[in-house]
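A short write-up of the structure that comes next.
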């Protein structure tokens, strides 16, 4: 349940502060993590944690109800992932800036987050000062990516482009690739696409041959890099 118990009281006129604090909603499925993030962010006088959410659906509800300036959003949570819920969050609260908080430093995840509408991406093991800096940056309308991740991202830009030029998958093979990357079996793919299991197996074999991938992990990595898992 969304917890708006920390919505800031009143104005800061008596304290002589003219700028309103940055209102932040925290979404993470671990209560201890949320508590730690709240304590860290509220140590900054210019940041006000206005609520908490424990999953993606609560993040959508909270964003619509509270309309925070910044939503600090975890990616991996039970049920819907943070990235999958991002379009719905932004539809519910178009003015809210989403700062993704993740343990994943793979450039593919970063690209996917920004493609879904995130304004920033910071790692969970980042220094305290970096997280606060990232919140200020996205609240101010800027994008934020840690320099190390940014360097990796820049170095990986050419990879998807190269793959895209050599990607000769058919439309149906793209459908199968997406379902494979999402962890579906040949039988499940056949049922979802209304094709035979043999046809699903054939598509899978052609995908592997065309893309030069061998393992499911490589399929997932390719699908992420190519944007196959972006919300549709």
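No value in this document is a laboratory result; all are computed from the given coordinates. Every value quoted in this text rests on a predicted model; they were computed, and no experiment measured them. For neighbour counting, all protein chains shown are included, and Cβ atoms are generated from backbone atoms with ideal geometry for every residue, glycine included.
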Based solely on C-alpha atoms, express the radius of gyration and the Dmax of the stretch 159-225 in angstrom. 11.3, 33
What translational D, rounded to a whole number of µm²/s, comes out for the stretch 51-139 from Stokes-Einstein when the hydrodynamic radius is the Kirkwood one over Cα pairs, at 4 °C and 1.567 mPa s? 101
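Over the stretch 74-124, what portion of Cα pair distances is larger than 12 Å, expressed as a whole percent? Can you show the working numbers first?
Details: 755 of 1275 pairs.
When every Cα pair of the stretch 74-124 is considered, 59 percent fall beyond 12 Å.
Based on other C-beta atoms within 10 Å, arrange 121, 109 from fewest to most.
Taking fewest neighbouring Cβ atoms as first place, the list is 109, 121.
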